[in-house]
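Asker: Take this structure first; my questions come after.
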Amino acid sequence: MSSTLWHGRFEGGPSEALQALNDSLPFDRRMFREDIAGSRAHVGMLCDVGLLTDAERHGVVAALDTVEQEIENETFEFAVNDEDIHTAVERRVTELEPAGAKMHTGRSRNDQVATDVRLWTRGAIDEVSQLIVRLQRTLLACAEAAGDAYLPGYTHLQQAQPVALSHHLLAHGWALARDLDRLADARRRVDISVLGAGALAGSSLPLDPEKTAEYLGIAGVFENSLDGVSDRDFVAETLFALALLGVHLSRVGEELILWASSEFAFVELDDGFSTGSSMMPQKKNPDIAELARGKAGRLIGHLTGFLTTLKGLPLTYNKDMQEDKEPLFDAVDTVRLTLLALDGMISTIHFRTERMAEAASSPYAAATDLAEWLVANGMPFRQAHAVVGEKVRKALAGEGSLSDLVAADDQLGPEAAALLEPGVSVTRRTTRGGGSPAAVADQIIRFRARLDG
Ligand code: ARG
């Protein structure tokens, strides 16, 4: 008969209700590789410090290898009392190898689970980071293919100043670069081994936590056992980095939704990345973009939910902390799917650059350039703003086209009026990081360097 890990102290077995609430196996089994890696490192260290013989170490490691194979091949039989992945692995190892009973020497599930989750998170950060880079490369490829194409730039969702399409696409690329930085920074604090902290207070046995970390390929070791077993900052930080990434993706999604509308008509979506309507035959819907927008809510929810779980917890381990895994796993799964789908959507999109240019061709969009032209010719900016503002007001009142009014003005004249021709003003903002195709050429070099660096 299988029994609980604490059967020695108890007369009765666990109730069904307790098991159903308490068991984390349904969701933590996906950390089996990390759990097994942790155990391999731990028994290696136990052997080094003389708590396990070489033969025992080999026996336990071989059993761990078998268990890993069994779980991978789905031939592993989980038992009713396998409360979590740690219990399941240890139970099976001990069935296969009597020295398995020594595997938990100087270890608690508290330092074990903290280390497992850290290892899992480190792998997830690496995977998500690669997917972010993939989307950045797609944005870069689109930016390069966009050439001199331009569209209206917006503030308040009102047309502001024309900008190169490449400039607009790369704006999202830079936001993703900060997401990558944040994940890399969080990774430094994730990459810490807690094995050797025991349940909370370390051990009376001659453990060597640094050795365990070295065997695990983890960069750092906990400094304080109480903090080690109760620290879930790294989960919260990762959730934050993923939530902000989700917010960025939601903004990309929102723009694609707007751009795909017949009102904007700036893009045509590929059939493979759009959906139809069950009733309206003419519809082509940007569901991926809408889900990219919608998933951000779920990611923010995971962050706020988990911070609320942690808030006010006394040191050290509390079972509340078992609630770290589901939001973390779901956030990573959600971000993975969203990044992949958005990448597919963007890499197959058709940019309707003639429509964009048409939308950006209003002479009013060049009003700031007119004022700057006056400034370049010696006029204080406030005065220039008023001069151009007056022409705009007259044009809107029907006193003539903006172009004619500008051409006829003493201070402005035909040279200034030429700035109002479609496609001219966008070329003028050549400052570093500015929106002209020429300035973007430099930006592309820096963006690529960042990606390759
Ligand atoms: N399943 C538990 C978790 O995820 C493992 C740690 C259990 N520790 C304990 N003291 N009951 O947090």
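Asker: Of all residues in the stretch 93-114, how many are near the ligand (Cβ under 8 Å from one of its atoms) and not in a helix (DSSP H, G or I)?
Answerer: 1
Asker: Only residues that are of a type in the set (Val, Ile, Thr) and not in a helix (DSSP H, G or I): list them for the stretch 335-367, please.
Answerer: Within the stretch 335-367, THR348, ILE349 qualify.
Asker: Also, quick follow-up: Have a look at ALA289, ALA341, ALA359 and point out the one that is buried (at least 20 other Cβ atoms within 10 Å of the Cβ), away from the ligand (no atom under 16 Å from the Cβ), more than 30 Å from ALA201 (Cα to Cα) and of a type in the set (Gly, Ala, Ser).
Answerer: ALA289
Asker: Continuing with this model, one more query. If THR53 meets every condition in (1) more than 30 Å from PRO327 (Cα to Cα); (2) β-branched (Val, Ile, Thr); (3) under 38 Å from the mean Cα position of the chain (by Cα) apart from one, which number is that one?
Answerer: (3)
Asker: OK, next. If you take the residues in the stretch 302-317 that are within 16 Å of the ligand (Cβ to nearest atom) and touching a residue at least 24 places away in the same chain (Cβ under 8 Å), which one is nearest to ALA260 (Cα to Cα)?
Answerer: For the stretch 302-317, the residue satisfying everything is PHE306.
Asker: Filter the stretch 381-405 down to residues that are within 15 Å of LEU419 (Cβ to Cβ) and part of a helix (DSSP H, G or I), then give me how many there are.
Answerer: Total satisfying the criteria: 10.
Asker: Among residues belonging to the stretch 27-50 that are more than 14 Å from VAL113 (Cβ to Cβ) and under 38 Å from the mean Cα position of the chain (by Cα), point out the one that is farthest from the ligand (Cβ to nearest atom).
Answerer: Ranking the qualifying residues of the stretch 27-50, first place goes to GLY44.
Asker: Please go through the stretch 322-338 and pick out each residue that is within 16 Å of the ligand (Cβ to nearest atom) and in contact with a Lys or Arg (Cβ under 6 Å, 6 or more places away or on another chain).
Answerer: ASP324
Asker: Here is a follow-up. Which numbered condition trips up GLY378, out of (1) outside any helix (DSSP H, G or I); (2) within 19 Å of ALA160 (Cα to Cα)?
Answerer: That leaves (2) as the condition not met.
Asker: Does PHE351 count as surrounded by 17 or more Cβ atoms within 10 Å (Cβ to Cβ), of a type outside the set (Gly, Ala, Ser) and in contact with a helix residue (DSSP H, G or I) (Cβ under 9 Å, 6 or more places away or on another chain)?
Answerer: yes
Asker: If you don't mind, another one. Do you know which of the residues in the stretch 96-105 that are touching a helix residue (DSSP H, G or I) at 6+ places or on another chain (Cβ under 7 Å) and of a type outside the set (A, V, I, L, M, F, W, C) is surrounded by the fewest Cβ atoms within 10 Å (Cβ to Cβ)?
Answerer: Restricting to residues being touching a helix residue (DSSP H, G or I) at 6+ places or on another chain (Cβ under 7 Å) and of a type outside the set (A, V, I, L, M, F, W, C), the top hit is THR105.
For (1) without any contact (Cβ under 8 Å) to a residue 12 or more places away in the chain; (2) basic (Lys, Arg), each residue gets a yes or a no:
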residue: HIS7; (1), (2): yes, no
residue: PHE10; (1), (2): yes, no
residue: GLY13; (1), (2): yes, no
residue: LEU18; (1), (2): yes, no
residue: LEU25; (1), (2): no, no
residue: ASP28; (1), (2): no, no
residue: MET31; (1), (2): no, no
residue: GLU34; (1), (2): no, no
residue: ARG40; (1), (2): no, yes
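Asker: In the stretch 115-130, what residues are charged (D, E, K, R) and more than 13 Å from the ligand (Cβ to nearest atom)?
Answerer: Within the stretch 115-130, ARG122, ASP126, GLU127 qualify.
Asker: Sort out which residues of the stretch 58-92 are away from the ligand (no atom under 16 Å from the Cβ), in a helix (DSSP H, G or I), of a type in the set (D, E, K, R) and surrounded by fewer than 21 Cβ atoms within 10 Å (Cβ to Cβ), and write them in order of number.
Answerer: ASP65, GLU68, GLU70, GLU72
Asker: Another question about this same structure. Quick check: is even one residue across the stretch 227-244 in contact with a Phe, Trp or Tyr (Cβ under 8 Å, 6 or more places away or on another chain), closer than 20 Å to VAL117 by Cβ and of a type in the set (S, T, N, Q)?
Answerer: Yes, because at least one residue in the stretch 227-244 is in contact with a Phe, Trp or Tyr (Cβ under 8 Å, 6 or more places away or on another chain), closer than 20 Å to VAL117 by Cβ and of a type in the set (S, T, N, Q).
Asker: Here's something else I'd like to know. Just a yes or no: is a residue in the stretch 326-338 basic (Lys, Arg), modelled with pLDDT of 95 or more and either surrounded by 19 or more Cβ atoms within 10 Å (Cβ to Cβ) or over 22 Å from MET31 (Cα atoms) (or both)?
Answerer: no
Asker: State which residue pairs qualify: first residue under 21 Å from GLU323 (Cα atoms) and inside the stretch 81-100, second residue more than 12 Å from the ligand (Cβ to nearest atom) in any location, beta carbons under 6 Å apart, and separation of 6 or more residues or different chains.
Answerer: Filtered contacts from the stretch 81-100: ASN81/SER2; ILE85/PHE32; ALA88/PHE78; VAL89/VAL67.
Asker: Being within 16 Å of the ligand (Cβ to nearest atom), in contact (Cβ under 8 Å) with a residue 40 or more places away in the chain and either within 26 Å of the chain's Cα centre (by Cα) or crowded, with 16+ Cβ neighbours inside 10 Å (or both) narrows it down to one residue among ALA186, ALA197, ALA175, ALA164; which is it?
Answerer: ALA197
Asker: If you take the residues of the stretch 25-57 that are on the phi < 0 side of the Ramachandran plot and among the small types (Gly, Ala, Ser), which of them is surrounded by the most Cβ atoms within 10 Å (Cβ to Cβ)?
Answerer: Only one residue fits best here, namely GLY38.
The values are calculated or read from the model by the stated rules, or taken from the named source; none is laboratory data. This one's a predicted model, so the numbers in the text were calculated from it and none came from an experiment. Cβ: placed from backbone, ideal geometry, glycine included. Neighbour counts: every protein chain shown.
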